[in-house]
Amino acid sequence: MGMTMTQKILAAHAGLKEVKAGQLIEADLDLVLGNDITSPVAIKEMEKMKTEGVFHKDKIALVPDHFVPNKDIKSAEHCKCVRQFARKNEITNYFEVGEMGIEHALLPEKGLTVPGDVIIGADSHTCTYGAVGAFSTGIGSTDMAAGMATGKAWFKVPSALKFVLTGKPAPWISGKDIILHIIGMIGVDGALYKSMEFVGDGIAHLTMDDRFTIANMAIEAGGKNGIFPVDDKTIAYLKEHTSREYKVYEADEDAVYDEVYTIELDKLKPTVAFPHLPENTKTIDEVGDIAIDQVVIGSCTNGRIDDMRIAAKILEGKHVAPGMRCIIIPATQKIYLQAMEEGLLKIFIEAGAVVSTPTCGPCLGGYMGILAEGEKCVSTTNRNFVGRMGHVNSEIYLASPAVAAASAITGKISGPEA
């Protein structure tokens, strides 16, 4: 019986010739990730273990990004804890303010995630790195502590779903529309503890930023991970960002999948997820007349340079609607600088938007865009749960940067041609 991409990676890291779905294994780790919310908990757990340092100072990444720059005393104390731990253990990949970015955009940019890696992170959207052909998944802070101490983690080998992407997307259709369509189709538990494996000729039409977005939201369908095969675009991206050696794994022809879905990309329309679940999707022509108060363009899902360029293309020469708040957050310092050099920030500011330093900020209801009672927001983030961005009686509509930018101009949920 053949193995999927994910199963081959896990088998190799467990020192086994093969693994099967449901099998319990202990695998070696290539990278352990934590942020300013989850790392302090893991650090305290490590202290209880009374271990002598970390398993490998180069294979741990600590990225303060959720409440950074610090919004209050509590967040400052969390970051202080992480900073002191990083100094004590000489952690190579600790990213201070000025170097930091949103973790899931920053680590691939820094070349820390490559094909064939096994990566765990104390953040649910760690599944992002499947875009480059790695197995990456979110874990709890206790597992992060064990990973930092031992360099190993236990996994139940996931079964898999295959998504065959065919055709070429229409203009303005991005990775966000594709993954929202998929989540709307299978539901928020449709891939529960399964590997979401993306294949097909349509992948060639997706940028790396599209792939990062799709893999990032695998967890929103309940997935253990999302993963793409390594192709010429992946290799070109890796050449630009890293000199690390890597190993490419391909699924066997007789690999077993629980389900196979075909997604015809040329038939997709801009898609919006209504409150209060990512599965509550409607295409832009089904939305109706919904006035909004705020737009957020950013996050680990859609704060990359392609997203900035799309937003700028729509906002250029226009202005956000009266009374509208439009917040744009480049995901890393490099993206921020590139957007500045390309003149995108000027476009945003002239359009009446505000531009923030890299931060997760409003995505989790942290800061930089909290919603009041009754307010509605179109956001390029990944979750729209009750109270996610503020008041329990506020509403979040998930959408692509194109839809978000168009909505900022009209003051209501709108397609990019509006």
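The values are calculated or read from the model by the stated rules, or taken from the named source; none is laboratory data. Since this is a predicted model, take the numbers as computed values, not measurements. Ideal geometry is used to build each Cβ from the backbone, glycine not excepted, and the neighbour counts take in all protein chains shown. Please note that ligands, DNA and RNA were not included when accessible areas were found on the heavy atoms of the full protein model with its side chains. Shrake-Rupley method; radii C 1.70, N 1.55, O 1.52, S 1.80 Å.
What the table below lists for this structure:
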| read-out | value |
| --- | --- |
| Subset of region 119-138 (residues that are surrounded by fewer than 24 Cβ atoms within 10 Å (Cβ to Cβ) and of a type in the set (Val, Ile, Thr)) | none |
| In region 269-289, residue most open to solvent (accessible area, probe 1.4 Å) [restricted to those that are of a type in the set (Ser, Thr, Tyr) and in contact with a helix residue (DSSP H, G or I) (Cβ under 7 Å, 6 or more places away or on another chain)] | THR281 |
| Which listed residue, of GLY298, GLY303, GLY390, GLY374, is among the small types (Gly, Ala, Ser), over 24 Å from ILE73 (Cα atoms) and open to solvent by 20 Å² or more (accessible area, probe 1.4 Å) | GLY374 |
| Single match in LYS17, LYS74 (criterion: more than 25 Å from GLY369 (Cβ to Cβ) and open to solvent by 70 Å² or more (accessible area, probe 1.4 Å)) | LYS17 |
| In region 317-370, the residues that are of a type in the set (A, V, I, L, M, F, W, C), within 22 Å of ARG388 (Cβ to Cβ) and part of a loop (DSSP other than H, G, I, E, B) | MET324, ILE329, ALA331, ALA353, CYS360, MET368, ILE370 |
| Matching entry among GLY98, GLY111, GLY116 (being at pLDDT below 95, in a loop (DSSP other than H, G, I, E, B) and either of a type outside the set (Lys, Arg) or open to solvent by 10 Å² or more (accessible area, probe 1.4 Å) (or both)) | GLY98 |
| Hits in region 247-283 (condition: of a type outside the set (D, E, K, R) and under 30 Å from VAL392 (Cβ atoms)) | PRO270, THR271, VAL272, ALA273, PHE274, PRO275, HIS276, LEU277, PRO278, ASN280, THR281, THR283 |
| Spans of strands (runs of 3 or more DSSP E) in region 1-79 with at least 1 residues closer than 17 Å to PHE95 by Cα | 31-35, 60-63 |
| Unmet requirement for THR381, which otherwise passes all of (1) of a type in the set (Ser, Thr, Tyr); (2) open to solvent by 50 Å² or more (accessible area, probe 1.4 Å); (3) within 21 Å of MET100 (Cα to Cα) | (2) |
| Residue within region 181-189 that is open to solvent by less than 10 Å² (accessible area, probe 1.4 Å) and either free of Cβ contacts under 8 Å to residues at least 60 places away in the same chain or assigned to a helix (DSSP H, G or I) (or both) present | yes |
| Only listed residue being at pLDDT 95 or above, among the acidic types (Asp, Glu) and open to solvent by 20 Å² or more (accessible area, probe 1.4 Å), chosen from GLU417, GLU316 | GLU316 |
| Cβ-Cβ under 7 Å pairs, at least 6 apart or on other chains, region 129-147 side farther than 10 Å from THR38 by Cα, far side among the basic types (Lys, Arg) | ALA131/ARG211; THR137/LYS224 |
| In region 139-180, the residues that are closer than 30 Å to GLU47 by Cα and open to solvent by 10 Å² or more (accessible area, probe 1.4 Å) | ILE139, GLY140, SER141, THR142, ASP143, ALA146, ALA149, THR150, LYS152, ALA153, TRP154, LYS156 |
| Any hit, region 349-359, residues being in contact with a His (Cβ under 6 Å, 6 or more places away or on another chain) and open to solvent by 20 Å² or more (accessible area, probe 1.4 Å) | yes |
| Candidates GLU240, GLU250, GLU245, GLU220 - the one that is of a type outside the set (A, V, I, L, M, F, W, C) and open to solvent by less than 30 Å² (accessible area, probe 1.4 Å) | GLU220 |
| Region 220-238 - residue that is outside any helix (DSSP H, G or I) and not β-branched (Val, Ile, Thr) and, of those, nearest to LYS156 (Cα to Cα) | LYS224 |
